[in-house]
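Below is one structure, written out as structure tokens; comments come after it.
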Amino acid sequence: MQNKIPFSTYAIIGTMLFGMYFGAGNLIFPIQLGQLAGTNFWPALIGFLVTAIGLPFLGILAIGLSGSSGLRDLASRVHPVFGGIFAVTLYLTIGPFFAIPRTATVPFVVGFEPFIHPEQVSLWLGVFSFLFFLIVYYFSLNPAKVMDYIGKYLTPAFLVFLFCLIGIALIKPMGSFGDPSGDYTQMAFMTGFKEGYNTMDALASLAFGIVVINAIKRQGITDTKDISKATLKSGIFAMGLMMLIYSLITYMGASSVTAIGTFENGGQIFSAVSQHFFGSFGAILLGIIIILACLKTSIGLITACSEFFHKLLPKVSYKSFVFILSFVSFTIANFGLNNIIQFAVPVLMLLYPLAIVLILTALCSPLFSHKQSVYAVSMFLTFFVSIIDGYSALSDSLPGATVSLLEAVKLFYIDYLPLYHLGLGWILPAVAGALIGYIWPARQTKPTVRKRMMTQQ
């Protein structure tokens, strides 16, 4: 066992963790938030940081401090069957079905599509995504090297190019903050709070937990308490770096309206800011930033998913899963970014409340003596809200996909469930479920389960 862990170890693991989290979406959401928030910069930014940084940090802690071996182990505290289903669903969602394909389509749409004739977009998307996933496949083959690839090389390179853009924006401000618009006028904090969900990092934190723990173990740290301590310190380093960059990017967006005007999405804003400072070279700089951001995130996701599925199906090798996931992601990427987002949002709206409640109950587990009924009932009641959230998102994107019974339940929630109109309707059912589970009589057949949980803590 390694008695004294140098700060450099925490820094490298923290940089790796930051690199896996910080993809293209983490660039485009805060810069757009800055433009829309304007003079309400601070409340909007604070709300955004609570969900974009606070929840992912808690997710990493939930894995590290609970002593769980990964997401499936943690989710099995609800029930073993739920643990398997939830883990597989989440890994497929942030893996080959949605998040990984998006890592190829976002840099193509932002950095290359504007310069391609519309009739040739599909062809060049195929070429770009093939080369992209070929690189991802190569760097994901050896999970022991992921910390080196992401923590030592890709992330520092990404930060150098990003700070070239941020630095000049600080030295030569584009203008003063404009007036807030939309919901940022009256509800800046809550709007920023909900915008932080779009990063999807709370879901990713549960998946990345196994990568972080394995990286820590490869540094010779094997004691459970030392692993928890390393997870905490590495997480603080990563989230501190994210907080700094989020703040600077949001400032850049808030000060950009006078110089470049407003745009529909953060990718267009970044492109305009790059061209404002660097002219035609700005497109090249932005392309490098976006590709590096997405490459490191994609490698992290492929590695996490491959390790999970290899553990689930040990007869299939890790390298085989790397190939399968890379190929499936390449195929889905060629359906285009809009189609990926259209079908991803309903699934995310279903999973996100469940993931948050799992994280919070895991962290509070010692307070209720790791009682399984607390996990089970809180997640059970949360599901009845999150399934309607997912259905609402699906019916919004596909108007024909409406079910009269679910519509009636949705209207009931809107009329009677507190905070539902804010997208936080799951909070009261989750709390009520935890209280019901706490007073629920303990079954005599469960002490072994609780003993295992207490041992992990």
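The values are calculated or read from the model by the stated rules, or taken from the named source; none is laboratory data. Note that the structure is a prediction, hence the values are computed from the model and not measured. A quick note on method: Cβ atoms are made from the backbone with ideal geometry, for glycine too, and the neighbour counts reach across all protein chains shown.
What residue, of G253, G261, is out of contact with any strand residue (DSSP E or B) (no Cβ under 8 Å at 6 or more places or on another chain) and buried (at least 19 other Cβ atoms within 10 Å of the Cβ)? Walk me through how you get there before you give the answer.
Details: G261 fails: buried (at least 19 other Cβ atoms within 10 Å of the Cβ).
Result of the check over G253, G261: G253.
Does the stretch 110-118 include one or more residues that are assigned to a helix (DSSP H, G or I), buried (at least 22 other Cβ atoms within 10 Å of the Cβ) and modelled with pLDDT under 90? Don't jump to the end; show me each part of the working.
Restricting attention to the stretch 110-118, the residues satisfying the condition of being assigned to a helix (DSSP H, G or I) are 110-111, 113-115, 118.
In the following step, the residues that additionally are buried (at least 22 other Cβ atoms within 10 Å of the Cβ) were identified as 110-111.
Imposing the further condition that a residue be modelled with pLDDT under 90 reduces the set to 110-111.
Yes, there is a match, as at least one residue in the stretch 110-118 is assigned to a helix (DSSP H, G or I), buried (at least 22 other Cβ atoms within 10 Å of the Cβ) and modelled with pLDDT under 90.
Residues that are more than 22 Å from E195 (Cβ to Cβ) and either touching a residue at least 40 places away in the same chain (Cβ under 8 Å) or of a type outside the set (D, E) (or both): does the stretch 340-357 have at least one? Write out each step before concluding.
Going residue by residue through the stretch 340-357, those that are more than 22 Å from E195 (Cβ to Cβ) are none.
Checked the stretch 340-357: no residue is more than 22 Å from E195 (Cβ to Cβ) and either touching a residue at least 40 places away in the same chain (Cβ under 8 Å) or of a type outside the set (D, E) (or both).
Going through the stretch 146-162 one residue at a time, which ones are surrounded by fewer than 19 Cβ atoms within 10 Å (Cβ to Cβ) and within 22 Å of the chain's Cα centre (by Cα)?
D148, K152, Y153, P156, A157
Anything in the stretch 246-267 that is under 21 Å from A293 (Cβ atoms) and assigned to a loop (DSSP other than H, G, I, E, B)? List them, or say none.
Once the filter is applied, which keeps residues that are under 21 Å from A293 (Cβ atoms) and assigned to a loop (DSSP other than H, G, I, E, B), the stretch 246-267 yields S256, F263, E264, N265.
Might you check whether a residue that is touching a Pro at 6+ places or on another chain (Cβ under 8 Å) and not in a loop (DSSP other than H, G, I, E, B) occurs anywhere in the stretch 219-233? Explain how you work it out, then say what you get.
Restricting attention to the stretch 219-233, the residues satisfying the condition of being touching a Pro at 6+ places or on another chain (Cβ under 8 Å) are none.
The answer is no; no qualifying residue exists.
Within the set of pairs 6 or more residues apart or between chains, which connect a residue that is without any contact (Cβ under 8 Å) to a residue 40 or more places away in the chain inside the stretch 259-273 to a residue that is surrounded by 14 or more Cβ atoms within 10 Å (Cβ to Cβ) with Cβ atoms less than 7 Å apart?
Final answer for the pair search is A272/I260; A272/F263.
Could you tell me which numbered condition V81 fails, if it satisfies all but one of (1) crowded, with 20+ Cβ neighbours inside 10 Å; (2) at pLDDT 95 or above; (3) in a helix (DSSP H, G or I)?
(1)
Among (1) closer than 30 Å to T331 by Cα; (2) not in a helix (DSSP H, G or I), which single condition is Y149 missing?
(2)
Out of G47, G38, G23, G34, I need the residue that is on the phi > 0 side of the Ramachandran plot and assigned by TED's automatic domain parsing to the domain that holds P107. Which one? Write out each step before concluding.
Details: G47 fails: on the phi > 0 side of the Ramachandran plot; G23 fails: on the phi > 0 side of the Ramachandran plot; G34 fails: on the phi > 0 side of the Ramachandran plot.
On inspection, the qualifying residue turns out to be G38.
Taking the stretch 293-341 on its own, how many of its residues are farther than 30 Å from S76 by Cα and either surrounded by 24 or more Cβ atoms within 10 Å (Cβ to Cβ) or basic (K, R) (or both)?
Qualifying residue count for the region: 4.
Select from the stretch 405-445 the residues that are within 21 Å of F343 (Cα to Cα) and in a helix (DSSP H, G or I) and list them in ascending order.
L406, E407, K410
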